[in-house]
Each structure stands twice: as structure tokens, then as C-alpha cells.
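A.B. asks: Quick one: the structure is below, questions incoming.
Please treat every number below as a calculation from the coordinates, not as lab data. A quick note: this is a predicted structure, and the numbers were derived from the prediction, not measured. Cβ placement follows ideal geometry from the backbone for every residue including glycine, while neighbour counts extend to all protein chains displayed.
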Amino acid sequence: LSRLTLYAASPLFNPTNDKSKWQKAADAAAVFTLNGDRGYSLFPDYKTLFNSNSGAAQNEIIFARNFTTATSHAAPPNNLGRRYGAYGGWWASNGPSQNLVDDYDMINGEPAFIWNGNVKTVNPASGYNPARPYYNRDPRFEATIIHDSTIYHGDTLFMWVTSDGNKFGYDSWKQSSDNPRSSYWMKKFMPEAQPISFNERYTIPWPHIRLAEIYLNYAEAMFELGDEPKCREYINKVRARVGMPGIPNTVTGEALRQRLYNERRIELAFEGHRFFDIRRWKIANIIENRPIYGMDVIKNLTTGVSTYTPVLLLQKNAYQDKMNLLPVERAEVQRTNPDLQTPGW
């Protein structure tokens with residue numbers, strides 16, 4: 001109900017910004033926040049919340065899809081076993097973008113980058129260093145994304161190619177279809193207690209709803225009702241779990257809204273929220289039309305120094321407003337009434 005009322009109050013479904021709808025969203029989340037969280041609590045370790053089998057993390061997960069060995073799921077990136085690139089013959093379909101990586105705050109609580117329209121610049125207060133782009137980031141970054149020099153399953157994983165053009169491994173990572181073009185893999189939901197193999201079966205639960213989402217739902221509703229201190233309080237509860245500084249009281253108005261939006265992007269990454277969030281906020285026409293970037297990592301074997309250069313992977317999409325809503329299946333429209341189709345489709 002918390003998610004349903006939040007969506008109903010959002011700009012896509014509430015063009016007049018009816019505050020009573022935001023109050024319903026706040027009330028639905030308050031069933032937890034004003035009642036001792038109904039016995040739930042934030043699991044102290046963000047990383048193991050998503051890579052452990054059913055059990056320990058359930059004090060945060062309110063509603064989940066659990067798996068047994070008979071109904072398990074696979075985690076097949078066998079290429080993780082190759083330190084300098086993958087062997088050929090499979091396919092990479094798991095490549096987080098540089099866009100997502102850039103949205104993780106620095107450990108001092110500052111955003112690494114500042115957006116002005118579609119122009120992005122380094123935030124001088126953040127301490128971000130382009131030569132060490134993964135250093136001193138929000139701990140959720142390391143828990144969510146595998147990057148160049150990540151230690152995973154006891155091995156250091158490299159994403160680089162050599163500056164002189166020599167190849168390492170069975171294939172260069174730029175040639176092999178096993179490695180993502182972005183130079184990143186998803187770490188969230190990937191088990192560390194079991195081997196990564198097609199032959200392994202995994203029972204990590206899929207969280208449909210967890211307490212952190214309820215907190216962020218409540219924060220958003222309270223912001224739209226004008227209670228910015230309460231909004232910051234519940235954002236900061238989520239950030240405190242991973243040791244991140246709170247959003248300061250000096251961040252207000254639209255700046256606070258943008259920090260809230262980004263907090264959902266980071267905290268709920270790869271949990272199926274972002275697609276719907278940017279549409280209900282009616283900002284998909286901005287976000288989806290930005291180019292998609294990855295990272296080129298080039299290593300000089302003489303000096304041992306790697307350079308990191310963002311690289312364009314996909315030019316902007318032609319996003320249209322009709323894409324804020326999904327179309328009704330054509331066969332259903334033809335079978336019933338053509339006027340039932342979603343506007344624009």
C-alpha cells in the first residue's frame with residue numbers, strides 16, 4: 001500500500017499536486033514508521049543483505065520471493081574466473097553504466113558530480129579524483145558493483161587493456177563477448193559463499209519490499225507535504241546504515257528533492273524501482289535522453305599506472321512522453337476495444 005499510494009501521489013498520476021494524495025502516501029508508510037517499524041529493522045550489513053541465502057536478512061525484507069534448490073536461479077558469469085578478460089563463447093548481459101557509478105556519493109557525503117541540465121561537472125567539495133575514480137565512495141558502491149581492481153572471490157579482477165595494444169588472457173576483454181562494454185559487473189545479488197558457475201544453484205531471496213524502501217517512501221511523502229526535517233531524518237536513517245553522513249540541514253527545496261531521488265537510485269539499485277521512479281516523477285525524458293557511458297581502463301605496463309577515461313557507449317535515445325506508460329498488448333486491444341489503448345500508443 002505504501003508504494004501504491006506513493007505512485008498515485010506522484011506527478012505522473014497527480015498533475016494538480018493534490019496534497020491529500022501525498023498525505024495518504026505518508027499515512028501508508030507511517031503504519032511502519034510510527035509503530036516501531038512493525039518489528040522490522042534495517043539489516044546492519046548492506047552487502048550481505050543481498051548475497052546471502054534466505055534467513056538472516058529477513059528482519060529487513062517485508063515481502064520477498066524465496067527460492068529453493070528446486071526453484072533456484074543461476075548466477076553464470078564464469079568470466080569472473082579470468083583475471084585479464086574472459087574466454088569466448090558466452091555473452092555479457094550484465095554491465096552497470098558509468099552513469100550509475102557517477103551517482104554514488106563520496107564518503108564525505110558529497111555528490112561526486114553536479115548536474116546542470118545535461119552538463120555534468122566534478123563537485124569540488126567532494127574530493128573526487130579522476131585518477132582514482134573508485135576511491136572513497138559510498139560503501140554501497142563496493143557492495144553493488146564490480147570494477148577494475150575489485151577483490152571478489154579471493155581474486156583481484158582487472159578490466160584494463162594495455163597501452164601498447166598487447167592482449168592478456170584467452171581474449172582481450174574488448175574482444176570477448178563475455179565482458180560488459182562498460183567495464184563493470186553487478187555485484188549485488190551475486191553470492192560470495194558459493195562458486196560462480198552454471199552448475200551452481202542459488203537461493204538468494206528477491207526483495208519485493210523492504211524497510212529501507214518504506215523509509216524512502218515516507219521521506220518523499222513528507223518532503224512533498226513540506227516537512228523537510230522529517231524527509232531528511234528518514235533519508236539519513238538509510239544512509240546511516242552504511243556509515244554515510246546525513247544530508248545536512250542546508251540542503252533544502254529542489255536540492256533536497258534531487259538528493260532524495262538519488263538516494264532511491266543508490267539504495268534500491270537493481271531492485272526494479274528506477275524504471276518506474278523516473279516515469280512517475282516525469283523526468284524520464286531527461287534521464288533516458290542522456291548518453292550512456294562506460295569506462296575505458298588503459299594500463300601502462302612499464303609504469304604500472306592505469307588511466308580511466310569515460311567512453312560513450314550509446315547515444316541519447318529518442319524518449320517520448322508516451323513512454324511514461326506501458327502500452328496495452330495489441331491482441332488485447334484488438335479483442336476488446338481500440339479506445340482502451342494507452343494514449344499515444
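A.B. asks: Under a 10 Å cutoff between Cα atoms, tell me which one of 246, 117, 39 has the largest fluctuation in the Gaussian network model of the chain.
C.D. replies: 117
A.B. asks: Take the Cβ-Cβ distance between residue 309 and residue 125 as r, set R0 to 22 Å, and report the resulting FRET efficiency rounded to the nearest 0.05. Display every interim value, and only then the final one.
C.D. replies: Working: r = 24 Å, r/R0 = 1.09.
Using R0 = 22 Å, I get an efficiency of 0.40.
A.B. asks: Pulled fully out, how much extra length does the chain show between residue 302 and residue 58, if you take 0.36 nm times their separation in residues and subtract their Cα-Cα distance?
C.D. replies: That pair, residue 302 and residue 58, stretches by 82.9 nm at full extension.
A.B. asks: How big, on average over all directions, is the shadow cast by the Cα convex hull of region 199-345, in nm²?
C.D. replies: Spelled out: convex hull of the Cα atoms, projected over all directions, averaged, 15.9 nm².
A.B. asks: Listed highest first by mean packing, meaning other Cβ atoms within 10 Å per residue, what order do 107-114, 4-11 come in?
C.D. replies: So the order, starting with the most tightly packed, is 4-11, 107-114.
A.B. asks: Turning to a different aspect of this structure: Give the lysines whose C-alpha is closer than 21 Å to that of residue 322, dropping any in the same chain fewer than 8 places away, or say none.
C.D. replies: 282
A.B. asks: Using the Kirkwood radius over Cα pairs, work out the Stokes-Einstein diffusion coefficient for the chain at 20 °C and 1.002 mPa s, in µm²/s as a whole number.
C.D. replies: Diffusion coefficient, whole number: 97 µm²/s.
A.B. asks: Only helical DSSP H runs with n ≥ 4 go in: add -39500 (n - 2.57) per run for the chain, normalise by residue count and round the 222 nm mean residue ellipticity to 500 deg cm²/dmol.
C.D. replies: Taking each H run of at least 4 residues, the total per residue is -8000 deg cm²/dmol.
A.B. asks: Here's a follow-up. What share of all Cα pairs of region 279-345, in percent, falls into each consecutive 10 Å distance bin?
C.D. replies: 18, 25, 22, 16, 11, 6, 2
A.B. asks: How long is the gain from residue 38 to residue 200 if the chain were fully straight, where each residue apart is worth 0.36 nm and the alpha carbon distance is subtracted? Write down the numbers at each step before the final one.
C.D. replies: Details: separation 162, 0.36 × 162 = 58.32 nm, distance 3.58 nm.
This chain segment gains 54.7 nm when fully extended.
A.B. asks: What is the order of 244, 186, 159, fewest Cβ neighbours within 10 Å to most?
C.D. replies: 186, 244, 159
A.B. asks: In what sequence, highest mean first, do 329-337, 122-130 appear when ranked by Cβ atoms within 10 angstrom? Could you put the intermediate results ahead of the total?
C.D. replies: Values: 329-337: 10.7, 122-130: 14.4.
By packing density, highest mean first, the sequence is 122-130, 329-337.
A.B. asks: Arrange 281, 345 by Cβ neighbour counts within 10 Å, fewest through most, would you?
C.D. replies: Going from least to most buried by this count: 345, 281.
A.B. asks: Can you return the lysines within cross-link range of residue 237? Criterion is Cα-Cα under 23 Å, with same-chain partners fewer than 8 residues away left out.
C.D. replies: Cα-Cα hits under 23 Å: 24, 47, 188.
A.B. asks: Could you tell me how many degrees, from 0 to 90 and to the nearest 10, lie between the Cα long axis of helix 253-267 and the main elongation axis, the longest principal axis, of the Cα atoms of the chain?
C.D. replies: 50 degrees
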